[in-house]
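Only one structure is covered here, and it is reproduced in the block below.
Rule-based calculations on the coordinates, nothing more; no lab input. Quick caveat, the model's predicted, so the values are computed rather than measured. All Cβ positions, even for glycine, are placed from backbone atoms using ideal geometry, and neighbour counts span all protein chains on display.
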Amino acid sequence: MEIYRMNKRVKNFILTPMNLLYRINPELNLKILYRLRTHRKLNLENPKTYSEKLQWMKLNYKNKLLPICADKYEVRQFVKECGCENILTKLLWEGYNPNDIPFKDLPQQFVIKVTHGSGTVIICKDKNRLNIPKTIRALKLRLKEKYLPCYGEWFYGVIRPRIVIEEFLDDGKGYSPVDYKIYCFHGKPKYIIAHVDRFTNHRSNIYDLEWNPIKNISTKEIDPNLTIEKPKELNQLLRYARILSESFIHVRVDLYILNSQIYFGELTFISDSGFLRINPIEAEEEIGSWIKLPS
């Protein structure tokens, strides 16, 4: 926990000038960050690549659903309204005060999240070994955290953050289920990045809609030597992705499968804050062409 806090503090300190610049000139701020992170010049006047269009969307795409769907509690209502309530994980508790969590009433295994956080999940596999005071302190700190303004993802934290506790999805072997991240453009899935062993030996590979590995795309997170079995429920995954992405220019729909049951993960609108380099540049331009920006 101490390492996590230290890294956060250092990161916040380093980016303080960028947070100030974002308030004054968000476009210049993103251009600087983009150059630092991708080593490329950001073209916002005529964006062509995937990452350029994501930066444009931060500044100009103000869909009112984004703050709702970026919140890990409110998005559940959106999923219900889309007719997909059956893929929601079981909600065990929600609230604003960690001191109110009824730990005695919770099952032995569960997952705790703050609704505005990213990568800040607390996984409890054995309640008897959970340090409850430490967990409460951690949640209090995480509720106070603000998403860094300089990244330009304005839709995070608009809704008051709260805590949600959901059922723990276990494959029975101690591993987390495969995380299917389906990248959708104007309501149409285009490709899937499947992640395995998220909390142990995290790896991933990229597939087309027929589950053929895509060879001409390379990023730091893709392992082309990794083979992930084609899910029997692939068509169902894609059907849910179409339904949940219909209201957006672009969104990543995260889904899981456990014992043939599909579960909803989250909706992500700007993957990796739009700073992930995709090689070769021609592949990133092709992906960018799938986003039709409004005038």
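Counting other Cβ atoms within 10 Å, which trypsin sites (Lys or Arg not before Pro) in segment 121-167 have at most 11 and lie in a DSSP loop?
K146
Which whole-Hz ³J(HN,Hα) couplings does segment 283-295 yield from phi under the Karplus relation 6.51 cos²θ - 1.76 cosθ + 1.60, θ = phi - 60°, glycine and proline marked x?
5, 5, 5, 5, 4, x, 5, 6, 9, 9, 6, x, 7
Of the cross-linked pairs K181/K215; K62/K232; K31/K215; K41/K72; K64/K134, which ones have a Cα-Cα span greater than 26 Å in the structure shown?
In this structure, K62/K232; K31/K215; K41/K72; K64/K134 exceed 26 Å between Cα atoms.
Can you tell me the FRET efficiency between N279 and L209 if r is taken as the Cβ-Cβ distance and R0 is 30 Å, rounded to the nearest 0.05?
E(calc), rounded to 0.05, equals 0.85.
From the residues P133, G187, L169, which one has its Cα farthest along the dipole of segment 89-230 in the positive direction, the dipole being from +1 and -1 charges on Cβ of Lys/Arg and Asp/Glu about the Cα centre?
It is P133, whose Cα lies furthest towards the positive end.
What size of dipole, in debye to the nearest 20, comes out for segment 150-295 about its Cα centre when the only charges are +1 on Lys and Arg C-beta atoms and -1 on Asp and Glu C-beta atoms?
220 debye
Could you tell me which GluC sites (Glu not before Pro) in segment 188-283 are loop residues by DSSP with no more than 10 other beta carbons within 10 angstrom of their beta carbon?
E210, E229
May I ask you to list the residues of segment 156-192 whose amide nitrogen lies under 19 Å from a point 7 Å from Cα along the Cα→beta-carbon direction of W93?
Inside the label zone: 161-169.
Only residues of segment 33-76 count here: report those whose backbone N is under 18 Å from the spot 7 Å along Cα→Cβ of S218, or say none.
Residues 38-40 fall inside that zone.
Do the alpha carbons of any pairs in K190/K292; K146/K188; K113/K140; K58/K140; K48/K146 sit beyond 21 Å of each other, and which pairs?
Pairs exceeding 21 Å: K146/K188; K58/K140; K48/K146.
Could you give me the ³J(HN,Hα) list for segment 211-228, computed from phi with Karplus coefficients 6.51, -1.76, 1.60 and θ = phi - 60°, whole Hz, x at Gly and Pro?
6, 9, x, 8, 8, 9, 10, 9, 9, 5, 9, 9, 10, x, 8, 7, 10, 10
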